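Encoded as structure tokens, the structure appears first; notes follow it.
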Amino acid sequence: MEIKQINLIQHLKSVAIMLHPNETGDDYQLNSTKLMNWLHQYDNWFKESVGITEGERPYTLYNRQVSLFGEGLLSLPKKFEELAESIINMGYAVSLTVDIVELFNDFNEVKSLCDKSLISSLGVITDQIDYLEEHISINDFMKELVALKRPIGLIGSVSALRNHNLLSLTSLNGTDITIYPPPGITGNNSPTAHVNPISPCANRLQLYIDQDGHIYPCMGLLGITDYALGHVTDNINETAILGKEYKLDLEQLMIEGPKLTNSIKPQQMNTNLPRVCELHREELLVNV
């Protein structure tokens with residue numbers, strides 16, 4: 001196998017999965033059994049593709065992670081726990097990303113999952129931190145998060161964290177916390193966003209699965225089904241993951257980044273995607 005192809009597969013070793021409860025509230029919209037069947041199939045293909053089954057390239061198994069995110073994700077605690085345990089038994093770490101209000105409401109469940117070593121890291125979307133501050137002490141809640149002893153990613157405005165004095169909180173500064181601010185300014189009065197220089201997509205390539213089970217090679221394509229690699233109900237041999245014709249050249253994107261036509265003029269940021277990803281997404285949507 002060519003080195004270039006091996007590198008591409010390595011970038012697709014982790015998976016981010018969007019989950020929403022179904023209408024009956026007994027499972028996720030993306031059936032958990034079907035999801036795990038696909039993940040087992042994908043895991044076997046990955047190990048075979050990079051040579052693990054022949055004892056080669058063991059480093060490709062490092063830092064493999066399944067990231068779970070979505071609204072109402074924790075409203076099915078038993079189902080989530082079963083899913084997380086199955087994922088860990090396959091050798092993946094489990095990361096949970098959740099809104100800060102939902103995290104507060106379901107904190108006991110999150111603590112239980114951490115106590116059982118079913119969550120390796122936690123992403124906290126802080127957009128509603130002002131609302132939560134009206135009901136609780138944010139500083140006290142952050143201390144409870146730190147006590148979970150997990151790496152924490154705070155996703156949102158740095159100024160909001162500063163307004164709540166979180167950046168000077170001793171317990172916060174003494175733990176493994178990363179802040180992920182939005183890549184641009186949004187709002188009707190904000191300046192026009194600059195076009196970022198085109199950069200390789202290697203660091204942004206990762207498998208994403210939406211709530212309906214469609215599979216994508218990056219977050220920027222999430223929801224554009226015309227650019228899905230396949231579906232979790234497909235045999236992996238019948239998807240673009242395994243060579244079926246695909247509309248985009250993933251190897252070229254990995255090495256060079258998207259080739260924008262400049263037909264989309266720079267506008268205000270509409271998503272939390274890097275600007276080059278947003279422009280690429282806008283161009284693709286025009287052609288759908």
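The table that follows gives values for the structure above.
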quantity: Amide H partners (placed H, <5 Å) of residue 239, local residues excluded; calculated: 244
quantity: Of 17, 80, 253, farthest towards positive along the dipole that unit charges on Lys, Arg, Asp, Glu beta carbons give the chain; calculated: 253
quantity: Proximal aspartates and glutamates relative to residue 111, as straight alpha-carbon distance under 16 Å, when same-chain residues fewer than 8 apart are discounted; calculated: 81, 82, 85, 99, 102, 140, 144
quantity: Projected label distance in nm at residue 259 and residue 52, using a 7 Å step from Cα toward the beta-carbon; calculated: 3.4 nm
quantity: Long-range HN-HN contacts of residue 257 with modeled amide H, under 5 Å; calculated: 201
quantity: Estimated D of the chain in µm² per second, where Rh is the Kirkwood radius over Cα pairs and Stokes-Einstein applies at 37 °C, 0.692 mPa s; calculated: 160 µm²/s
quantity: Loop-located chymotrypsin sites (Phe, Trp or Tyr not before Pro) in segment 13-80, at most 12 other Cβ atoms within 10 Å (DSSP); calculated: 62
quantity: Listed residues 211, 137, 169: farthest to the positive end of the dipole of segment 3-287 (Cβ charges); calculated: 169
quantity: Extended-chain gain in nm, criterion 0.36 nm per residue less alpha-carbon gap, residue 115 and residue 238; calculated: 40.3 nm
quantity: Segment residue 203-residue 176, extension gain: residue separation times 0.36 nm, minus the distance between their alpha carbons; calculated: 7.6 nm
quantity: Candidates 23, 144, 238: whichever shows maximal mean-square fluctuation once the chain is modelled as a Gaussian network with Cα springs under 10 Å; calculated: 23
quantity: Label-point separation, residue 157 to residue 287 (7 Å along Cα→Cβ), nm; calculated: 3.7 nm
quantity: At R0 = 25 Å, FRET efficiency that the Cβ-Cβ distance of residue 167 and residue 107 yields, to 0.05; calculated: 0.70
quantity: Most mobile of 84, 240, 147 in a GNM of the chain (Cα contacts under 10 Å); calculated: 147
quantity: Counting DSSP beta bridges with both ends in the chain, the antiparallel % (nearest 5); calculated: 15 percent
quantity: Fluctuation leader among 162, 204, 64 - the chain, Gaussian network, Cα springs under 10 angstrom; calculated: 162
quantity: Cα-projected label distance for residue 62 with residue 23, points at 7 Å along beta-carbon direction, nm; calculated: 4.8 nm
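Values in this text are rule-based calculations from the coordinates and carry no lab data. Since we're looking at a predicted model, the values are computed, not measured. A quick note on method: Cβ atoms are made from the backbone with ideal geometry, for glycine too, and the neighbour counts reach across all protein chains shown.
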